[in-house]
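Worksheet: one structure, shown below.
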Amino acid sequence: MKIQKSMIILSQRLIVVMLGATLFACGNKQAGFQAGVPEYAVITIEPSVSKLNNAYPATIRGCQDVEIRPNVSGFITQLCVDEGSVVKKGQTLFIIDPVQYEEAVNMSRAAVNVAKAGVATAKLTAENKRVLAQKGIISTYELQTAENTLASQQANLAQAEAQLINAEKNLSYTRVTSPSDGVVGKIPFRVGSLVSPSSATPLTTVSDNSKMFVYFSLNEKEILKLTRQTKGATQNALNEMPAVELKLVDNTIYSEKGKIETLSGVIDPDKGAASVRATFPNPDGILRSGGSGVVLMPEEDDAAIVIPQVATTEIQDKKFVFVVSDSSVIATREIKILPVNDGKNYVVTEGLKPGERIVVEGIGTSVRNGMKIKPITPAESAAKLQQVAGQQTARK
């Protein structure tokens, strides 16, 4: 009986030891599994304010680009300005040989004097005929003839005076002046060149650069969006449009902001876009007519979904993110974004909604579809990386 009792106690002890060993082994296995789950930084999607700039290629023009053309024919005898000169309204730009026009003025003045003498003579004759007719000495026919002669001489005088005015005007045209303040453009004709009103090429162009017109295009979709927001009122749309910026060809931003003032009422069927004009002040003369740039139009959204670009991967021109489920398993999902961005973030238009979580590190290297992870915050991830870097520095 004692032996049997001892065997039973030993058997119970062995069962307890085996059970403890089994539980220990299971515990170690579970601990090892948990230790093998990688940690990755995860963010929760929340609506935020998005401020982006839509970019539009643009051309720059002076608010008044005037082609200077001659009103009379002749040889250029003097250039009074040079290319790039700043001129005032009424300032002389070119002088065309005035000799023939001065002679035309002299001849017209002489013709006026002759006509005046003719009028004076005809007037004396008509007055004398009136006296004689009153006395019955001459007939009514002779009186009427004298009156007609006077009227004819007066008409000759008026014609001569008109020719004089035309000759004096042509003489004034030999001094080609600027119609406005501005900057002189290219001058293709020099002293000795023969010019005429029928010349295809202008003498030069004077550009008023006090303010500049910058032209760009909006496509039909963008125009439709604007008109819907303002219930079809184009002027309301223009009034509500924010100030725009201009990026110059050296990639710098022009110091002055511009205002959109006009929107073409006709859409070009070939381009599917309408012309838009923005006006920029040009106090320092930095902008020049004929230049180019890029208009930056701000677009703001108070409830946009903004994610960092490092959280995305691209496959065949499609953008994807890694969404974290409630069980911490990640899955790839395609998203759609706005075509414009700030170089650091994307504005998501489709594929994500507030409250969802996405992975923001390890993209393209170690993160895989279907992987189970341990989500941590970006701050925790940065702290661990800093800790590792400090340990490596200490070992060196």
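For each of LEU248, LEU263, count neighbouring Cβ atoms within 10 Å of the residue's Cβ, then give the residues from fewest to most.
LEU248, LEU263
Using modelled amide H (1.01 Å from N, peptide plane; none on Pro or chain starts), what sits under 5 Å from the amide H of GLN64, excluding residues fewer than 5 places away?
Excluding prolines and chain starts, which carry no amide H, the hits are ASP208.
Calculate one ³J(HN,Hα) per residue across segment 96-105 by plugging θ = phi - 60° into the Karplus curve 6.51 cos²θ - 1.76 cosθ + 1.60, and present them in order as whole Hz with x for glycine and proline.
After applying 6.51 cos²θ - 1.76 cosθ + 1.60, I find 9, 3, x, 4, 5, 7, 5, 5, 5, 5 Hz.
How high is the relative contact order of segment 315-363, in percent, counting Cα pairs under 8 Å that sit 6 or more residues apart?
The normalised contact order for segment 315-363 reaches 35 percent.
Output the 0 to 90 degree angle, nearest 10, between the alpha-carbon long axis of helix 220-229 and the longest principal axis computed from the alpha carbons of the chain.
For helix 220-229, the angle is close to 90 degrees.
What trypsin sites (Lys or Arg not before Pro) does segment 92-145 have in DSSP loop regions with at most 15 other beta carbons within 10 Å?
Qualifying residues, ordered by number: LYS135.
Under 25 Å Cα-Cα from LYS123, which lysines qualify once same-chain neighbours fewer than 8 residues away are excluded?
Filter leaves LYS135.
Would you pull out the residues with amide H under 5 Å of SER85's amide H, same chain only if 5 or more places away, H placed 1.01 Å from N?
Distant-sequence amide H within range of SER85: VAL184.
Please name whichever of LEU164, ILE138, VAL183 sits farthest to the positive end of the charge dipole of the chain, dipole taken about the Cα centre and charges placed at Cβ: Lys and Arg +1, Asp and Glu -1.
Towards the positive end, the residue furthest out is VAL183.
What are the aspartates and glutamates whose alpha-carbon lies under 14 Å from the alpha-carbon of LYS318, with same-chain residues fewer than 8 places away excluded?
Answer for LYS318, where 14 Å is the Cα cut-off: GLU334, GLU350, listed by chain and number.
Compute the helix-to-body angle for 2-35: its Cα long axis versus the longest principal axis of the chain, expressed 0 to 90° and rounded to tens.
With both axes taken from Cα atoms, the answer is about 10 degrees.
For a 28 Å ceiling on Cα separation, which of these pairs sit above it: LYS271/LYS353; LYS257/LYS319; LYS257/LYS344; LYS225/LYS336?
Checking Cα-Cα distances, LYS271/LYS353; LYS257/LYS319 exceed 28 Å.
As I understand it, the value is the acute angle between the Cα axis of helix 140-172 and the longest principal axis of the Cα atoms of the chain; what does it come to in degrees, rounded to 10?
Approximately 40 degrees, to the nearest ten.
What number, rounded to the nearest 500 deg cm²/dmol, is the helix-based mean residue ellipticity at 222 nm of the chain, given -39500 (n - 2.57) per DSSP H run of at least four residues and division by all its residues?
That calculation yields -12000 deg cm²/dmol at 222 nm.
Rank the residues THR125, THR174 as a footprinting-exposure proxy: fewest other Cβ atoms within 10 Å of their Cβ go first.
Least to most surrounded, the residues fall as THR125, THR174.
If contacts are Cα pairs under 8 angstrom and at least 6 residues apart, what is the relative contact order of segment 99-172 in percent?
Relative contact order comes out at 54 percent.
Non-local amide H neighbours of TYR346 (under 5 Å, H modeled in plane, Pro and chain starts lacking H): which ones?
Close amide H contacts, sequence-distant or interchain: ILE307, GLN309.
Give the lysines reachable from LYS186 as a straight Cα distance under 21 Å; neighbours fewer than 8 places away on the same chain don't count.
Within the straight-line limit of under 21 Å, LYS186 reaches these lysines: LYS88, LYS89, LYS211.
Could you give each residue of segment 71-77 its phi-based ³J(HN,Hα) in whole Hz, using Karplus coefficients 6.51, -1.76, 1.60 with θ = phi - 60°, and x for Gly or Pro?
9, 9, 8, x, 8, 6, 9
Compute, for the chain, the length of the dipole vector about the Cα centre, with Cβ point charges of +1 (Lys, Arg) and -1 (Asp, Glu) only. Units Debye, rounded to 20.
1860 debye
Relative contact order for the chain using alpha-carbon pairs under 8 Å, separation at least 6, rounded to a whole percent?
So the answer I get is 26 percent.
The numbers here are math on the coordinates, done by the rules we state, and not lab data. Given the structure is predicted, the values throughout are model-derived calculations rather than measurements. All Cβ positions, even for glycine, are placed from backbone atoms using ideal geometry, and neighbour counts span all protein chains on display.
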